[in-house]
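Each remark here refers to the structure printed beneath this line.
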Amino acid sequence: MLLPRFSGRSTDLQNTAMPDERAVMTYVSSYYHCFSGAQKAETAANRICKVLKVNQENERLMEEYERLASDLLEWIRRTMPWLNSRQTDNSLAGVQKKLEEYRTYRRKHKPPRVEQKAKLETNFNTLQTKLRLSNRPAYMPTEGKMVSDIANAWKGLEGAEKAFEEWLLSEMMRLERLEHLAEKFRRKADAHEEWTRGKEEMLQSQDFRNCRLNELKALKKKHEAFESDLAAHQDRVEQIAAIAQELNSLDYHDSISVNARCQRICDQWDRLGALTQRRRQALDDAERIMEKIDILHLEFAKRAAPFNNWLDGTREDLVDIFIVHTVEEIQGLIDAHSHFKATLGEADKEYQSIVGLVREVEAIVKQHQIPGGLENPYTTLTAHDLTRKWGEVRTLVPQRDATLQAELRKQQNNEMLRRQFAEKANGVGPWIERQLDAVTAIGMGLHGTLEDQLHRLKEYEQGVYAYKPHIEELEKIHQAVQESMIFENRYTQYTMETLRVGWEQLLTSINRNINEVENQILTRDSKGITQEQLNEFRSSFNHFDKNRTGRLAPDEFKSCLVSLGYSIGKDRQGEIDFQRILAVVDPNNTGYVHFDAFLDFMTRESTDTDTAEQVIDSFRILAADKPYILPDELRRELPPDQAEYCIQRMPPFKGPGAVPGALDYMSFSTALYGESDL
């Protein structure tokens, strides 16, 4: 409203060439008062809005409280009659249904109301707090809807719930007792009726009319057991009646059917008692009739069983497969069979006596017309079985005689084969052993020169091959022995296997000794040793070869070296030296030193042999002291084949001052003696 006025004054100021200070202050003061009044109006409007908003919220809370309280109190009013009701159909199922309804109420219906009550109390407290903070008077709900009224109603609801739950549980316990008694009655009645099922038919049965005595006695024992069982069931019948009476006194809802069933059980019980007495008398009468027949059946069973066992054992013995290896064993079987045949007369008398018992039973059964009287309850054996087996025994006896005589002839033939093999083996075995000893003695170098030893070994070789027909003849006899299944021979200690092994050892020993002697001759001739030196080496070797095996153990070899003058220390260095010697004489590490290796070692030590150094010196002379040699020099100084041999195998010389075609004779020479590789 003041803006036009202020606007006009501002124009005046603008049109004034130089406004004075008072005019400016006047205008400024007018602006200040104008804006200050507008701010007060805005503040007043905000305060009014705030008060109204608080008042509206309080009214909303009051209305919601009234609505929630009315709804909760109405729900409590509707629920209380149901909780106070105590009506049932007097059955456990009905009470269980009400209990399930109550549990549903506690799970589904009441929890929302608990939340509603809590919300009601929360709203009431919130409302009162807001009223107090806004300087308003406290809220007073309408009559009957106070918080205390709601709390009292809720308390009454909880009391009704507790009483209702206690009533349900007590009623269920009472009805469970009734149902338990009813179930107990049903089970005992079911058990009794199950036990009595078929009992009347059994007591009225005439099954004992066709029984044997043992079956009749069994039926009588069974009846006695039934009588005891019947007496024991008397208590059960009385218990059933007592339970039915208790159900009647407790006003069971189905007492009519219980009483009817109890009456049926009692009537049936009386009938069972009468039938039991009549059956007992009938069983006693039938038992006396069967006694006489039973005595005869028992006597037959007692005598038939051992006689049948004797027949079975005799048949098995007569057809039994036997294995014998000597004439003495089969003769023992023949003697035992002769003793058995001497007992057949007494066996025939026993057979006739047992069959007579059966004929007597048949006569009694026919006379009294007793059904099933011919069946013997004590045994499954019959007179027909004994007659059949006795006939088989009498047939098998001569067959056994023929089998034993055939085996006797077979064992006599086997005995002849044993003697033939033993006679031949007892000649071949010692001959092989003598030849082995002679060849071993020659191999030990105990007789003559090497040429003599070689000559004698070849003579032995010829003699051995000439003796081979004896081995072949022995093989034929051994084949016949094997075909006759002969596994032992008490007439000789030799077997074909040991003789074959001895024969092969003899041939191997001869060949090995011939090879060793030839190698010794070659060594002797190439090393230039005398026969006396050779004999000395052989004598020393044999002296320490105590077991005459043709080889020395490391300890024996060391002792032999010491005896020949070698100085081998007992310290660590001495052991190292000895191991180096062992590596030379036993390169394959077999653990033994043979005479060939021993001789080679000794000839190396005692004869003048070429070495790699000596060969290098010889090549150096041909090469005019050059470290290499040329092919033309080799062809000029050596035979053509040896010159070409050296040219093909000598590696090119690669040292300083080498010329085209120069060859390395030093590497070639060391390679000849295994000291390097070509």
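Only the coordinates and a few stated rules stand behind these numbers; no lab work does. None of the values given here were measured: they were computed from a predicted structure. Cβ placement follows ideal geometry from the backbone for every residue including glycine, while neighbour counts extend to all protein chains displayed.
Just tell me which aspartates and glutamates come within less than 19 Å, Cα to Cα, of Lys98; anything on the same chain fewer than 8 places away is out.
Straight-distance partners of Lys98: Asp89, Glu158, Glu161, Glu165, Glu166, Glu171, Glu176, Glu179.
Percent relative contact order of the chain, based on C-alpha pairs within less than 8 angstrom and at least six residues apart?
8
Between the stretch 347-394 and the stretch 552-578, what is the C-alpha centre distance in whole Å?
Each part's Cα centre sits 98 Å from the other's.
Ile629's amide H: which non-local residues (gap 5+, or another chain) put their own amide H closer than 5 Å, with H modeled 1.01 Å from N in plane and none for Pro or chain starts?
Sorted by chain and number, the residues that satisfy this are Leu663, Tyr665.
Can you tell me the relative contact order of the stretch 51-174? Whole percent, Cα pairs under 8 Å, sequence separation 6 or more.
It rounds to 47 percent for the stretch 51-174.
Taking +1 at the Cβ of each Lys and Arg and -1 at the Cβ of each Asp and Glu, which of His253, Ala241, Leu203 sits farthest along the dipole of the stretch 203-270 towards its positive end, judged by Cα position relative to the Cα centre?
Farthest towards the positive end: Leu203.
Where does each of Trp310, Trp269 land when they are ranked from fewest to most other beta-carbon atoms within 10 angstrom?
The fewest-first ordering by Cβ neighbours comes to Trp310, Trp269.
Suppose a student asked you for the relative contact order of the stretch 176-295, using Cα pairs under 8 Å spaced at least 6 residues apart; what percent would you report?
The value is 47 percent.
What longest region of the chain stays clear of GluC sites (Glu not before Pro) that DSSP places outside H, G, I, E and B and that have at most 15 other Cβ atoms within 10 Å?
Longest stretch, sites excluded: 144-374.
By count of other Cβ within 10 Å, fewest leading, how are Phe601, Phe124, Phe322 ordered? Working shown, then result.
Values: Phe601 17, Phe124 21, Phe322 11.
Listing Phe601, Phe124, Phe322 from fewest to most nearby Cβ atoms yields Phe322, Phe601, Phe124.
For the stretch 126-174 and the stretch 80-124, what is the separation of their C-alpha centers, rounded to whole Å?
16
Can you give me the Cα centroid spacing of the stretch 471-508 and the stretch 179-208 in angstrom?
After rounding, the separation between the Cα centres reads 87 Å.
With the cut-off at 1.5 for a/c, could you classify the chain from its C-alpha gyration tensor as rounded, prolate or oblate?
Here the chain falls in the oblate category.
Among the lysines, which have Cα under 27 Å from the Cα of Lys476 when same-chain residues fewer than 8 positions away are ignored?
Lys410, Lys424, Lys468
State which entries of Lys50/Lys108; Lys222/Lys302; Lys292/Lys349; Lys155/Lys184 exceed 31 angstrom in Cα-Cα distance in the structure shown.
Violating the 31 Å limit, Cα to Cα: Lys50/Lys108; Lys155/Lys184.
List every DSSP H helix in the chain whose Cα atoms extend 27 Å or more along the helix's own long axis and whose mean Kyte-Doolittle hydropathy is at least -1.0.
21-84, 147-196, 213-249, 255-319, 344-368, 383-443, 496-527
Using helices alone, what [θ] at 222 nm do you get for the chain, with -39,500 (n - 2.57) per DSSP H run of 4 or more residues, divided over all residues and rounded to the nearest 500?
-27000 deg cm²/dmol
For the stretch 612-672, rounded, prolate or oblate, judged on the Cα gyration tensor with a ≥ b ≥ c (square roots of eigenvalues), a/c < 1.5 rounded, else prolate if a/b > b/c?
Since a/c stays below 1.5, the shape of the stretch 612-672 is classed as rounded.
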